[in-house]
Amino acid sequence: MALQQTMKALADPTRREILTLLKAGPMAAGDIAGKFSLSAAAVSRHLAVLRQADLIRDEREGKFIYYRLNASVLEEILLFLTDLKGGTEDDTEK
């Protein structure tokens, strides 16, 4: 995992909102773009950054491209942050 690239992708609020949308399941690029007041090109760029960071996967079905979360990368980030924090939640409550 390229942590720097992943963190950069997560730093943008629009990209985080795209990830939140994809939590519900795969979505077509046009449906994602319809949720934002951005140009289709801007949304496409955000999707490309998320794809390059391996946070999402894309799959072509006919003339549509569907995007879905890549949960394994998100799990790796959570593990890294948990390890960075050190200890467990139980340790911080004592």
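For ARG68, which of the numbered conditions (1) in contact (Cβ under 8 Å) with a residue 40 or more places away in the chain; (2) part of a loop (DSSP other than H, G, I, E, B) fails to hold?
In the conditions (1) in contact (Cβ under 8 Å) with a residue 40 or more places away in the chain; (2) part of a loop (DSSP other than H, G, I, E, B), ARG68 misses (2) alone.
Among the residues of segment 4-38, count how many are assigned to a helix (DSSP H, G or I) and surrounded by 12 or more Cβ atoms within 10 Å (Cβ to Cβ).
Within segment 4-38, the subset assigned to a helix (DSSP H, G or I) is 4-10, 13-22, 29-33.
From what is left, the residues that are surrounded by 12 or more Cβ atoms within 10 Å (Cβ to Cβ) are 5-10, 14-19, 21-22, 29, 31-33.
Summing the residues that are assigned to a helix (DSSP H, G or I) and surrounded by 12 or more Cβ atoms within 10 Å (Cβ to Cβ) in segment 4-38 gives 18.
Only one of these conditions is not met by ARG60: (1) outside any helix (DSSP H, G or I); (2) without any contact (Cβ under 8 Å) to a residue 12 or more places away in the chain; (3) under 13 Å from ARG15 (Cα atoms). Which number is it?
That leaves (3) as the condition not met.
Pairs only if they're at least six apart or on different chains, beta carbon under 7 angstrom, first in segment 14-30 and polar (S, T, N, Q), second surrounded by 15 or more Cβ atoms within 10 Å (Cβ to Cβ); list them, first residue then second.
Hits for this filter: THR14/PHE36; THR14/HIS46.
Can you find a residue in segment 50-60 that is surrounded by fewer than 14 Cβ atoms within 10 Å (Cβ to Cβ) and aliphatic (A, V, I, L, M)? Quick ask: steps written out before the conclusion?
Going residue by residue through segment 50-60, those that are surrounded by fewer than 14 Cβ atoms within 10 Å (Cβ to Cβ) are 59-60.
Adding the requirement that they be aliphatic (A, V, I, L, M) leaves none.
No - not one qualifying residue is present in segment 50-60.
Sort out which residues of segment 42-57 are assigned to a strand (DSSP E or B) and not hydrophobic (A, V, I, L, M, F, W, C), and write them in order of number. Please lay out each step first, then the result.
Narrowing segment 42-57 to residues assigned to a strand (DSSP E or B): 56-57.
Matches in segment 42-57: ARG57 only.
Any read-out appearing in this document is the output of simple, stated calculations on the displayed coordinates, not a laboratory observation. It should be emphasised that the depicted structure is a prediction, and the values quoted were computed from it without experimental measurement. Backbone-built Cβ (ideal geometry, glycine too); neighbour counts: all protein chains shown.
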